[in-house]
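Undergrad: Got a structure for you, written out below as structure tokens; questions coming shortly.
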Amino acid sequence: MKLVQISDHIWSLKLWMLIPLHVWIVKEETGVTLVDAGIPMMAKGILKAINQLQAGPLQQISLTHGHSDHVGAIHRIRQVSPVPVYVHRHEIPCLEGDQPYRPGQKAAATMQKGLAQPLPEDSQGRLLPARSLTPYWTPGHSPGHVVYYHEVDKVLLSGDLFSSKNGKLRKPLFTPNMEETLRSSAIVGRLKPVRLEICHGGSIMNAANQLEAYLAEESKRLAHV
Ligand SMILES: [Zn+2]
Ligand SMILES: [Zn+2]
């Protein structure tokens, strides 16, 4: 696995398995936050990377969503560091196997019941910042998909909101509700991150500049399906 520092406070860890698979380690005032947890075989590498950074212990795991390729290493990481795991509340019924991820599909748990806690919200249902990262609800790829914005570094950790190819925005794979995903991508125009990080693709600089063209192309494609 490859560990790369992508901004003042963030490192990305990449595994290549037919497609790239990234998780992110964020240096906080005390300790680190892990965003997403890849597949089971990444556990050792993630723990090693956290040790190498010497930025203090792991404090929490924040998930963009609960698909199996984003939660796989949690069990083994928590055997060493039993930290809390946060995810959007709309994701919990799916990842605990009470509801299918796709309409008509069989429900299947990707995490053990009671382990994932809902991301804290204010009285209006807005997600609250968790240490240095602000989560934003971006449904479509999954019901409780969120992205995490690091305001200081201007980096958006976008999970499976997009994929990318040769520095260009592409739609995410295996997405049951593409219309909703396209609506959710407006967050990039709102936040204008300097760097957009994508789980299954390379990063994109100033992605807001591409957003209009991406939305036009994908909306046209959707209309023709
Ligand atoms: Zn996914
Ligand atoms: Zn994924």
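Undergrad: Residues being over 16 Å from residue 198 (Cβ atoms) and in a strand (DSSP E or B): count how many of those fall in the range 1-25.
TA: Going through the range 1-25 one residue at a time, the tally reaches 3.
Undergrad: Scan 155, 146 and give me the residue that is under 20 Å from residue 27 (Cβ atoms) and either buried (at least 23 other Cβ atoms within 10 Å of the Cβ) or of a type in the set (A, V, I, L, M, F, W, C) (or both).
TA: Unique residue meeting the criteria: 155.
Undergrad: Also, quick follow-up: Filter the range 126-164 down to the residues that are among the small types (Gly, Ala, Ser) and modelled with pLDDT of 95 or more, then identify the one that is farthest from ligand 2 (Cβ to nearest atom).
TA: Step by step, filter the range 126-164, then rank; the result is 132.
Undergrad: Among what's in the range 158-187 and is closer than 23 Å to residue 9 by Cβ and among the hydrophobic types (A, V, I, L, M, F, W, C), pick the residue that is surrounded by the fewest Cβ atoms within 10 Å (Cβ to Cβ).
TA: 187
Undergrad: Could you please find all residues in the range 1-31 being farther than 18 Å from residue 148 by Cα and of a type outside the set (D, E, K, R)?
TA: 1, 3, 4, 15, 16, 17, 18, 19, 20, 30
Undergrad: Here's a follow-up. Sort through 58, 34, 63 and tell me the only one that's closer than 20 Å to residue 135 by Cβ, more than 16 Å from ligand 2 (Cβ to nearest atom) and buried (at least 20 other Cβ atoms within 10 Å of the Cβ).
TA: 58
Undergrad: Here's a check for you: in the range 118-143, which residue that is among the hydroxyl-bearing types (Ser, Thr, Tyr) and part of a loop (DSSP other than H, G, I, E, B) is surrounded by the most Cβ atoms within 10 Å (Cβ to Cβ)?
TA: Selected residue: 142.
Undergrad: Counting only residues that are of a type in the set (Gly, Ala, Ser) and away from ligand 2 (no atom under 13 Å from the Cβ), which one in the range 165-206 is nearest to residue 27 (Cα to Cα)?
TA: 203
Undergrad: Given the range 178-225, what helices (runs of 4 or more DSSP H) lie entirely inside it while holding 1 or more residues that are more than 16 Å from ligand 1 (Cβ to nearest atom) and at pLDDT below 95?
TA: So the answer is 208-224.
Undergrad: Moving to a separate point now. Under 6 Å between Cβ atoms, at least 6 apart or on separate chains: pull out the pairs that start in the range 99-126 with a residue that is among the hydrophobic types (A, V, I, L, M, F, W, C) and end on any residue that is surrounded by 11 or more Cβ atoms within 10 Å (Cβ to Cβ) and part of a loop (DSSP other than H, G, I, E, B).
TA: 107/97; 107/99; 107/100; 108/97; 109/96; 109/97; 119/88
The values are calculated or read from the model by the stated rules, or taken from the named source; none is laboratory data. Source: prediction; values computed, not measured. We place every Cβ from the backbone using ideal geometry, glycine too, and count neighbours over all the protein chains shown.
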